[in-house]
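Engineer: One structure is given below, represented as structure tokens, and several questions about it will come after.
The values are calculated or read from the model by the stated rules, or taken from the named source; none is laboratory data. All values reported here derive from a predicted model rather than from experimental measurement. Neighbour counts are summed over all protein chains in view; Cβ atoms, including those assigned to glycine, are modelled from backbone coordinates with ideal geometry. With ligands, DNA and RNA removed, areas are computed over all heavy atoms of the protein, side chains included. Shrake-Rupley method; radii C 1.70, N 1.55, O 1.52, S 1.80 Å.
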Amino acid sequence: MQSLNTTLLCAAALASFVSAQAGPTFIDQDPTTPGVQPYKVSTYFTGGGAGTLGAITTPFPIWSASAASKNIVQVSLGKTGILGLGAGEYHMCMTTYNLNSGYMPTGSTQVGQQVIMGKVTWNSGQPVFTPNTMAKNLCNPSGDCFGLMISGDTLGQWAALDWSTGVYLGYRANSTVDFDAPVPVAGVTGPWVDPAVGHLDGKLVLFWADAAGTIVYAPLSTTLTAGKLTAASVGSVKTAAAISGEICHSPTPVFDGQGNAIALWFAARVSNDSDMYFASNIESNQKSIVKVWDNINWLNNGGVAGGRFLAADSTNYSALVEGQGFYMATNTEIAVGPSAQLTVQVGAQSGTPSVVSTTFAVALGVNAPITLGGIEGGFALTPTPLLFLVPVVLSSTTKDDVARASFPATDVSLKGLTLYFQGVANPVDATVPDSFTSTAATKFN
């Protein structure tokens, strides 16, 4: 991670129209097939034999010995939730069928959907997952439990999930102990609305998919009694992402270094065709939503680790699908003031560790992406006027594959402006092409 302190240049006028933006550029996962294949079926995240999740025995095998189905139907990842995560290490949560009873509450005989968490390490090419029992109290002993999502705060104290009886929130004192039994969240109609918990501008919020097919969020009010969570409810609801004519679901917040949600990885469907989308800002009015993974079946409930993107795929729930991409994300809105800051975050995965430098530009608007020779993806900033190229390069030099920059947003002349950002990622690995990142937008109030 690199932190910069550069004064933002001011612009004179608002962009008059936003016609399109660019999404993350994905490395081709199957060069032998014409066109870019953004994802592939994982060789590790399966219930198969040696070298897969199915080979795990400690502290318990993931699946019960008699399980005929070892399907994985949800995944999420993050940099909190387990103490001492190093570069290239993340917490990982999954929803699966026929989970081993060692990961469930004592005496549970539930064999439907259940959740598990642990640590995944990408330090030697192929990932290695080490499960733990910290989520056992979150499992519903009498019905299905789906979609474990952990907050991005330093301690990873909060967990959201769907039980068959509705949306639930879990809490624990810190990331070294098990989550306590969860409590229902008042104000959310469920179940099966894909809740995710996190912070937005420092405030605890819940994301979920509402009945209208919109991804929404609302502040969470919680009650702790003797250090235990005893009640939770949501407040005023706002839109996080919406697509005309499609039903959005499976929201996964992407967090910045302070644990604030800065982007969304989610799915949307038409009929039974569900595809993966990336929004480089949280609120839909920034028009930052781009479809990036497309097939004719059902993709859902994915996770992001650095520049790695994972999702579940109904064509083969016995294995997760994964891809590698280059994205950029920024604060959606900033209240200009003495302590206000713009955060620019770049995710770019390549190598072990990757060394990827990214130079980015700022403009007053965006157009439909166009291809430029020698750079994968598309350039989407309006070239006239192109305000400036940031002269300092963001470098991702650890196995986390994320770089960040902070800029003071203190000049009152920024108020009322919307600025648009895009970068070019230059991997040192010569086998990976230079690539445009997604575009992102920030509104200054």
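Engineer: Work the Kirkwood hydrodynamic radius out for the chain: mean of 1/r over every pair of different alpha-carbon atoms, inverted, in Å.
Structural biologist: On the way: mean 1/r = 0.0456 Å⁻¹.
By the Kirkwood definition, the hydrodynamic radius is 21.9 Å.
Engineer: Now for a separate question. When the dipole is taken about the Cα centre of the chain, and only Lys, Arg (+1) and Asp, Glu (-1) are charged at their Cβ, what size is it in debye, to the nearest 20? Provide the component values of the computation, followed by the final result.
Structural biologist: Working: 17 positive and 26 negative charges, 113 e Å.
Approximately 540 debye in magnitude.
Engineer: Right, another one. Counting only protein chains, not ligands or nucleic acids, how are L83, L99, L386 ordered by accessible area (probe 1.4 Å), most first? Could you put the intermediate results ahead of the total?
Structural biologist: Numbers: L83 125, L99 5, L386 65 Å².
Listed by decreasing accessible area, they come as L83, L386, L99.
Engineer: Right, next: Quick one: putting +1 on the C-beta of Lys and Arg, -1 on the C-beta of Asp and Glu, what dipole do you get for segment 251-332 around its Cα centre, in Debye to the nearest 20? List each step's numbers first, then the result.
Structural biologist: Working: 4 positive and 7 negative charges, 19 e Å.
With Lys and Arg at +1 and Asp and Glu at -1, about 100 debye.
Engineer: For segment 313-372 and segment 213-227, what is the separation of their Cα centres, given in Å?
Structural biologist: Distance between centres, Cα-based: 27 Å.
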